[in-house]
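Undergrad: One structure, as structure tokens, below. Some questions next.
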Amino acid sequence: MTMFIYLFKTIIISGLLYAYYLIFLRNKQFHQYNRFYLLSIPVISLLLPLFNIPFPGLSQSNPNAGLKILKVITINDWEPEVVITATTNWAHSIFNLQNILLAIYFIVSLLLFYLLMKSFFYIIRLSKKYKYEKIEGIKFFQTTENGTPFSFFKNIFWNHEIAMNTKKGEQVFRHELFHVKQKHTEDILLIEIITIVCWFNPFFHFIKKEIKVIHEFLADQYAASSTDKYDYSELLVFQSASTKQINITNYFFHNEIKRRIMMITKFKNPRYGYISRIMALPLLFIIFCAFAFKAGNKKINPIHSNKKITIVIDAGHGGVDNGVYTNAGFLEKNITLSLAKKIEALSKNYNVDVIMTRETDMLPGNATTIKDGLINRVNIAEKNNASMFISIHMDAAINNKPESGFSIYVSNKNSNYQKSIQLGSALTAEIKKTYSVSPDLKERQKGILVLQSPSMPALMIQCGYMTNKKDLNFIIDEKNQEQIAKDILEGVVKFADNANNNSAGLPDKNNSTTMLLMQRQNDFINDTSSKKIYSKVEVEAVFPGGQKGWSNYLMTHLKYPEEAQKKEIQGLVVAQFVVNTNGALSDIKIIKSPSKILSDETLRIIKNSGKWIPASNNGEIVKSYKRQPIHFVLAPK
């Protein structure tokens, strides 16, 4: 739940409950009930939106139903995107809408807090200025202050002009004594603190005003019970002019004199009062159901496999390999490990035995290189004779389109390719109940070791895009991670239960369509030289230091041009170049760019990158294409 949605819900809930008070409870003579009803409104409205109780829907999925097999699409495999963020001046980074709204909030809160402290200091000054007499635990101060008498906690500040031994003095004293005994000051302080923190909620301010009036109704009722109610009303009329009042005290000569007299002289109707009070319960029930329950079609009890299933859960990256990361400090390796641990923790409920490739921020098997870490992941699956291999990752957009949602990848080089498709189809069916997921399975042109090498069904789940704020906020939430973990485990169980079903409808690697696709994947793109230039090769061309070394080179040397920053130019630049058989780069060009300024900077850095380690195909050194996306992003204003 975002903060905006939470605050909006608190305003709606408090508004509904306060509206009921205005229509059915206000100016009625059950004052004690109204007191606690009003005090409960802020508490209910602040706590209720925090509840998230799942409410299972009417439709339930059948665990024994056949799987709907998804098709597999092949995608181009470019180099990982590099993001270059402009360094802006401090004014742009500070004076943005979020910070301005936050500053307004704190300024208003501090102002209200100052007014509260001012009232406290006034009372402290009075307590030091005048002597007191202690009567049954209550400090009684005789003062000459304008605005007295009033009470504060177990203190009564009296006005010396009101004689205690008169009928008027006795009535006023009984009034203030009731405030003290009923602990009305605590009510006022509670609502004052709430309005300081949540000053933007107008209903809390209305409630604060009404609570003070209710306190006066209660004290008037008690004081008038020992005398003629009309005499007491006359006293209120003649002594209503107070010149100075502070917010956190209870005054005898309080405002709302007309309402107070009406309450003293009003005829009671117990039957109507009972109906008005009891009808608040259905309203509370409706509001609770509307804001605390979350509808869904998930089963409360997890699917339990009849046979023990052993799976390997691979938390992508780790150790020196951070994976995708954001400027806010979120690392892919940490998110994948957190989600993998959620799967492991819940697996026993599904009769699934989870083998983790890593449980700490280390490469599997304490490997020192990324390549060895990949090999160890596969070895762990083979040694444990696992039934399936699932690798958890995050994605990053390689273009400036708003990419979003989960994706599942398989490899046509896996010996259990068709079963991998079945497994991917089962997991997609479950995940889409919780979050958006691609309706098709995907496979990359470039081989992925952890998908093609295991001798069991294997797939990779890309759990949304770290470059998409919505996806990132979803996946870092622990409750969402737990739900996705349940989806994955339910998909695993459903796949295992359907493993022996007819596999009709699965893609056939030997049919003409699949063969044509594989042939196109191996076709060359350009043949302008004596040797073909390949987009897919057996061994990729790499920069010295590998993929990470290339990304570090770009991040270190690329500078966001000042001219582009001044003109507020940003966007995706895609560079394409050829790695020759001697490792030198040629045919370097920009195939996509929002500006020549950004293109020139990109070309300059790539041209100066030096020699690469060339690609090979079937043992032959060959030329190969490379495509590098670079995203230039201005810092938010």
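Undergrad: Could you look through the stretch 162-182, keep only residues that are part of a loop (DSSP other than H, G, I, E, B) and without any contact (Cβ under 8 Å) to a residue 12 or more places away in the chain, and pick out the one that is surrounded by the most Cβ atoms within 10 Å (Cβ to Cβ)?
TA: That would be Met164.
Undergrad: Considering only the stretch 362-371, state which residues are at pLDDT 90 or above and more than 10 Å from Ala315 (Cα to Cα).
TA: Listed by number, the residues that qualify are Met362, Gly365, Asn366, Ala367.
Undergrad: Return the pairs, sorted by first residue and then second, in which the second residue is part of a helix (DSSP H, G or I) and among the acidic types (Asp, Glu), the first residue lies in the stretch 466-489 and is in contact (Cβ under 8 Å) with a residue 40 or more places away in the chain, the beta carbons are less than 6 Å apart, and the residues are 6+ apart or on different chains.
TA: The qualifying pairs are Asp487/Glu430.
Undergrad: Between a first residue in the stretch 201-212 that is under 12 Å from Leu17 (Cα atoms) and a second residue that is polar (S, T, N, Q), which pairs have beta carbons less than 6 Å apart while being 6 or more apart in sequence or on different chains?
TA: Cβ pairs passing all conditions: Phe203/Ser14; Phe204/Thr195.
Undergrad: Would a scan of the stretch 408-425 turn up a residue that is modelled with pLDDT under 90, over 30 Å from Lys68 (Cβ atoms), surrounded by fewer than 23 Cβ atoms within 10 Å (Cβ to Cβ) and in contact with a Gly (Cβ under 9 Å, 6 or more places away or on another chain)?
TA: Within the stretch 408-425 (the criterion being modelled with pLDDT under 90, over 30 Å from Lys68 (Cβ atoms), surrounded by fewer than 23 Cβ atoms within 10 Å (Cβ to Cβ) and in contact with a Gly (Cβ under 9 Å, 6 or more places away or on another chain)), the answer is no, since none of the residues qualifies.
Undergrad: Okay, next question. Identify the residue in the stretch 550-592 that is small (Gly, Ala, Ser) and crowded, with 20+ Cβ neighbours inside 10 Å and, among all such residues, is farthest from the chain's Cα centre (by Cα).
TA: Ala575
Undergrad: Does Lys341 satisfy the criteria of being surrounded by 15 or more Cβ atoms within 10 Å (Cβ to Cβ) and basic (Lys, Arg)?
TA: So Lys341 fits the description; yes.
Undergrad: Out of (1) in contact with an Asp or Glu (Cβ under 6 Å, 6 or more places away or on another chain); (2) at pLDDT below 95, what's the single condition that is false for Val354?
TA: That leaves (2) as the condition not met.
Undergrad: Just one of the numbered conditions (1) of a type in the set (D, E, K, R); (2) in contact with a Pro (Cβ under 6 Å, 6 or more places away or on another chain); (3) surrounded by fewer than 17 Cβ atoms within 10 Å (Cβ to Cβ) is not true of Glu601; which one?
TA: Condition (3) is where Glu601 drops out.
The values are calculated or read from the model by the stated rules, or taken from the named source; none is laboratory data. Predicted, not measured: the structure shown is a model, and the values here were computed from it. Cβ sites come from the backbone with ideal geometry, for glycine too, and all protein chains shown count toward neighbours.
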